[in-house]
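Here is the structure we will look at, set down as structure tokens.
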Amino acid sequence: MSLQWTLIAGFLYTEIVVVLLMLLPIIRPSRWQKIFRSRFLNSLSNQASVYFTVLLGVLCLFLLDAVREMRKYSGDTEPKHESHQHLDAEMQVNMRLFRAQRNFYISGFALFLCLVIRRLSSLISTQAQLMAENEAALKQARSATTTARNMMVGKGEEAQNNSNEASAQVKKQLKEKEDLVSTLQDEVNKKAQEIKELQSQLNKEKKNNEAMTSQNKGLSREYDRLADENAKLQKLMDSSNKKDD
């Protein structure tokens, strides 16, 4: 095997190992993501597309060369009198055809696995990114759930405290109102008692006034009577004085 085909075969074996490693379930996509973002690969990432295109071009050239060799030596295997007469020449042609077919398979599989590795790396990177976003979303959801739970517990305790304070204030206000009502009731009872006393005094005053009124009327009648008697006596005295003269 020539040097270039030895290098391509080594590259093919390396690709097979890389594909097997990528397919192993024990290596998580996050680990592959760290490997892809390593310093060495980051230094090559700026020109990765160029390298990949060049590599594909080289593999395609080798594949076309292997196809050309296969077509060339396939044509030489046609039955010719000279070829059948010389067995060594026929074996030489078959050996070269075998090498061309081997080179075709090596270059073809190397090209195919190169595309497979590129696709697998892209899928693994996407999966790692989605897993990281999923973990971040889960952490955020758990944090939000914990915060909401703490807020609900805090609000429940605060509501309980507010309810207890409100109940205490309501009880205090009811107690104050009851005391005020009892005080007002006592004052009302006192005022009612005073009103009764004043009513009784008023009745007494009315009776006294009626008695004085009746007494005044009696005095007035007595005065009128005495005045009439005095007038009569005065007339009698005047008439007796005239007779004496």
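Laboratory data are not the source of any read-out in this text; all were calculated from the coordinates shown. Note that the coordinates shown come from a computational prediction; the quantities given were computed from them, not determined experimentally. We place every Cβ from the backbone using ideal geometry, glycine too, and count neighbours over all the protein chains shown.
What does the charge add up to near residue 61, with Lys and Arg as +1, Asp and Glu as -1, over the other residues with Cβ less than 13 Å from its Cβ?
Values: positive: 68; negative: 65, 69.
Around residue 61, the charge tally is -1.
How much FRET efficiency would the formula 1/(1 + (r/R0)^6) give for residue 95 and residue 61, where r is the Cβ-Cβ distance and R0 is 22 Å, rounded to 0.05? Walk me through the numbers before you get to the answer.
On the way: r = 23 Å, r/R0 = 1.05.
After rounding to 0.05, the efficiency reads 0.45.
If you stretched the chain out fully between residue 217 and residue 195, how much longer would it get, using 0.36 nm times the residue separation minus the C-alpha to C-alpha distance? Mind showing how you got there, number by number?
Details: separation 22, 0.36 × 22 = 7.92 nm, distance 3.20 nm.
4.7 nm is the gain from fully extending residue 217 to residue 195.
What does the charge add up to near residue 170, with Lys and Arg as +1, Asp and Glu as -1, over the other residues with Cβ less than 13 Å from its Cβ?
Numbers: positive: 171, 172, 175, 177; negative: 165, 176, 178.
Here the charged neighbours net out to +1.
Multiply the residue gap between residue 172 and residue 234 by 0.36 nm, knock off their C-alpha separation, and tell me the result in nm, one decimal place. Working shown, then result.
Values: separation 62, 0.36 × 62 = 22.32 nm, distance 8.91 nm.
Extra length from residue 172 to residue 234 when fully extended: 13.4 nm.
Can you give the FRET efficiency to the nearest 0.05 for residue 102 and residue 146, using r as the Cβ-Cβ distance and R₀ = 45 Å?
Once rounded, the FRET efficiency stands at 0.10.
Can you tell me the dipole magnitude for the stretch 101-245 around its Cα centre, using point charges on the Cβ only (Lys, Arg +1; Asp, Glu -1), in Debye to the nearest 20? Display every interim value, and only then the final one.
Values: 24 positive and 21 negative charges, 264 e Å.
Computed charge dipole of the stretch 101-245: roughly 1260 debye.
Find out how many positive minus negative residues lie around residue 18, taking Lys and Arg as positive, Asp and Glu as negative, among other residues whose Cβ is under 15 Å from that of residue 18.
On the way: positive: 31, 118, 119; negative: 15.
Within the 15 Å Cβ shell, the charges total +2.
Measuring from a point 7 Å past the Cα of residue 205 along Cα-to-C-beta, which residues in the stretch 181-197 have an amide N at less than 17 Å?
Of the residues in the stretch 181-197, 194-197 have backbone N under 17 Å from the label point off residue 205.
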